[in-house]
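Below is one structure, written out as structure tokens, with a few remarks after it.
Derivation of every value follows stated rules applied to the coordinates shown; laboratory data play no part. From a predicted model like this one, the values you see are computed outputs, not experimental measurements. No Cβ is skipped: glycine too gets one built from the backbone with ideal geometry, and neighbour counts run over all protein chains shown.
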């Protein structure tokens, strides 16, 4: 009579760790499947490992078992997404995700959830960089960084009239904080660490093309094409933060002008523009863009 079956151990390098349904569920969630379903599939992977009747299983064998389960339960498209996520740990360059868009399109929420889904620990907003820059440089020396992106035209001595002034002020502000964004990417590249940078200031030329080439750089722009839906987001904030909400509503036309400019730049540069009103739909589209780029950048010898 055989004894109790041992818990499968995943062997990685020179140490072993017990199989974790939680970690596997997180990996499967990166394909876009919801948490509940991901955990069910992680449990199915555990069952398949137990049926192997092995005390140990190599990491690549675990991946193959997971792919078999996903293929049988969800189909080839999910298997492809899982393989792309698995490739993240084998990239020969760090992953840098750039998520652009004006205020009110959901950048911060999507960036945070994207990082969680892909296991990225660093999320930085370009407004944080602007805050640092303005702490070091006076209003007299670098005036544009002392205004919001949609009000930066007030820093110009002779701003162009109308909407062109809003764009010109914003571009001056983006230029002023670009070295800070470059420094952030430079450090991520030197440390080989993955990072998500979100903010209105990530443009086709920010960070610099030189740095983009040293990383697996993925750039996407979030937008809300429906003007009424965009306005309603600020109105919904009014009960929680009335003063900022009122300020955004007052500047709403300028925000829309900046969005039109960003969308045009993105379209001309081949950057995906993601216009999804639901956060989960926007997140899934961003994940698709990231994983497709990772799949294209995977090193030789990585299983497809």
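Assorted remarks:
- Relative contact order (%) - criterion: Cα under 8 Å, at least six apart; region: segment 9-89: 32
- Tilt relative to the chain, helix 279-297 - C-alpha long axis, 0 to 90 degrees, to 10: 70
- Translational diffusion coefficient of the chain (Stokes-Einstein, Kirkwood radius from Cα pairs, 10 °C, 1.306 mPa s): 74 µm²/s.
- Estimated purely from DSSP H runs of n ≥ 4, each contributing -39500 (n - 2.57), the mean residue ellipticity at 222 nm for the chain is -17500 deg cm²/dmol once divided by its residues.
- Distance between the C-alpha centres of segment 97-112 and segment 173-241: 7 Å, rounded to the whole angstrom.
- Two numbers describe the Cα atoms of segment 9-89: Rg and Dmax, which are 11.9, 33 Å.
- For the chain, the longest principal axis of the C-alpha atoms and the axis of helix 227-237 are separated by about 80°.
- Area projected by the alpha carbon convex hull of segment 16-165, averaged over all directions, nm²: 13.4
- Centre separation in Å (Cα based) which lies between segment 124-143 and segment 35-54: 49
- Length gained when the stretch residue 278-residue 54 is fully extended (0.36 nm per residue, less Cα-Cα span): 76.2 nm
- The value obtained for segment 130-267, namely the Cα convex hull volume divided by the number of residues, is 137 Å³ per residue.
- Placing a pseudo-label 7 Å from each Cα along the Cα-to-Cβ vector at residue 250 and residue 43 gives an inter-label distance of 5.4 nm.
- Comparing 238, 144, 223 in a Gaussian network model of the chain where C-alpha atoms under 10 Å apart are linked, the largest mean-square fluctuation is found at 238.
- Compared with the dominant Cα axis of the chain, that is its longest principal axis, helix 107-118 is turned about 20°.
- In this simple spin-label approximation, residue 135 and residue 187 carry label points 7 Å from Cα along the Cα→Cβ vector, and these lie 1.2 nm apart.
- Length-normalised contact order for the chain - Cα pairs under 8 Å, 6+ apart - percent: 23
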